[in-house]
Amino acid sequence: MSGREDELRGNLRLVRERIEKACEAAGRSSDEVTLVAITKTFPVSDVRALAALGVQDVGENREQELKAKAPECPDVTWHFVGQLQSKKARSVVRHASVVHSVDRSSLVAALSKAAVAEERTVRCLLQVSLASYGSADAATGFSRGGVEPDAVLDLAGEVAAADGLELGGVMAVAPLGSDPDEAFDALRVVASWLRSEHPKADWISAGMTGDLDAAIRHGATHVRLGRALLGTRTPLG
Ligand SMILES: *Cc1c(COP(=O)(O)O)cnc(C)c1O
């Protein structure tokens, strides 16, 4: 057993405990929450180690890293969580079963075409912009992407009607410097609008290392954890 495997085993235990406690505090069952390990910048050996420890869902935020790692570890479900250019849709669809960052019509069209060409069904989550819930974002004009809440249902209709795509739910990143409780509460409202028209689209992808507990309080079904599991990232050059 290498030192790194021991480290990942320990981190995973702590993360599972954190999820368990947050669920308990929220009166939820931890069976309702799926851990997606975000392995960006870390080597595929870490992905294999996590898979051996029972992690079944792994995510990347760049197409290049996804396509390099996914074929090396085909026994996990790969998620794509980053901003996606339409021209990279084919490659992402080839390697990922779930795309969390669907935010515009042109991307829906590109993903649908790619899914049909690859003869796959891709589960799509609509990334919702919560920028208006973050005072820091409003001040800097910095957006972390996503469709505006009032445009979610139109985009959902497009995904639901598209060949090769399956509407899965919503995803969001809490605005920097904002109160994540406020942001994730807003996300829960958007998720309930979506479910009222598309009952099967019941996933809420929310919560990262810094705001996991708030996300679970507000109904997250999929938490996307990087640093808590893998440690500090060295920025890519
Ligand atoms: C990197 C990333 C995460 C994980 O963030 P951590 O703070 O490392 O837990 C989650 N979601 C997205 C979209 C990311 O890019």
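Given the structure, is residue 69 more than 26 Å from residue 156 (Cβ to Cβ), within 15 Å of the ligand (Cβ to nearest atom), in contact with a Phe, Trp or Tyr (Cβ under 9 Å, 6 or more places away or on another chain) and not in a strand (DSSP E or B)? Yes; evaluated as a whole, the condition is true for this residue. Scanning the range 168-202 for residues that are polar (S, T, N, Q) and either in contact (Cβ under 8 Å) with a residue 60 or more places away in the chain or buried (at least 16 other Cβ atoms within 10 Å of the Cβ) (or both) yields one hit, 178. Quick test for you: out of 86, 112, pick the one residue that is of a type in the set (S, T, N, Q) and surrounded by fewer than 17 Cβ atoms within 10 Å (Cβ to Cβ). Testing whether each residue is of a type in the set (S, T, N, Q) and surrounded by fewer than 17 Cβ atoms within 10 Å (Cβ to Cβ) leaves just 86.
With the requirement that a residue be of a type in the set (D, E, K, R), over 23 Å from residue 73 (Cα atoms) and touching a residue at least 24 places away in the same chain (Cβ under 8 Å), what does the range 86-123 give you?
Going residue by residue through the range 86-123, those that are of a type in the set (D, E, K, R) are 87-88, 90, 94, 103-104, 113, 118-120, 123.
Applying the additional criterion that residues be over 23 Å from residue 73 (Cα atoms) yields 87, 103-104, 113.
Those that are of a type in the set (D, E, K, R), over 23 Å from residue 73 (Cα atoms) and touching a residue at least 24 places away in the same chain (Cβ under 8 Å): 103, 104, 113.
Assessment of the range 170-190 against the conditions (among the small types (Gly, Ala, Ser) and more than 20 Å from residue 224 (Cβ to Cβ)) yields no matching residue. Here the range 9-41 is the region considered, the condition is being away from the ligand (no atom under 16 Å from the Cβ) and within 18 Å of the chain's Cα centre (by Cα), and the residue that is surrounded by the fewest Cβ atoms within 10 Å (Cβ to Cβ) is 31. For the range 82-102, taking the residues that are assigned to a helix (DSSP H, G or I) and either within 16 Å of the ligand (Cβ to nearest atom) or of a type in the set (Asp, Glu) (or both), the one that is farthest from residue 224 (Cα to Cα) is identified as 88. Of the residues making up the range 209-233, those that are touching a residue at least 40 places away in the same chain (Cβ under 8 Å), within 9 Å of the ligand (Cβ to nearest atom) and not in a helix (DSSP H, G or I) number 5. In summary, helices (runs of 4 or more DSSP H) completely within the range 103-194 and bearing 1 or more residues that are aliphatic (A, V, I, L, M), over 20 Å from residue 93 (Cα atoms) and at pLDDT 95 or above occur at 152-161.
The values are calculated or read from the model by the stated rules, or taken from the named source; none is laboratory data. Keep in mind it's a predicted model, so treat the numbers as computed, not measured. Neighbour counts run over all protein chains shown; Cβ positions are idealised from the backbone, glycine included.
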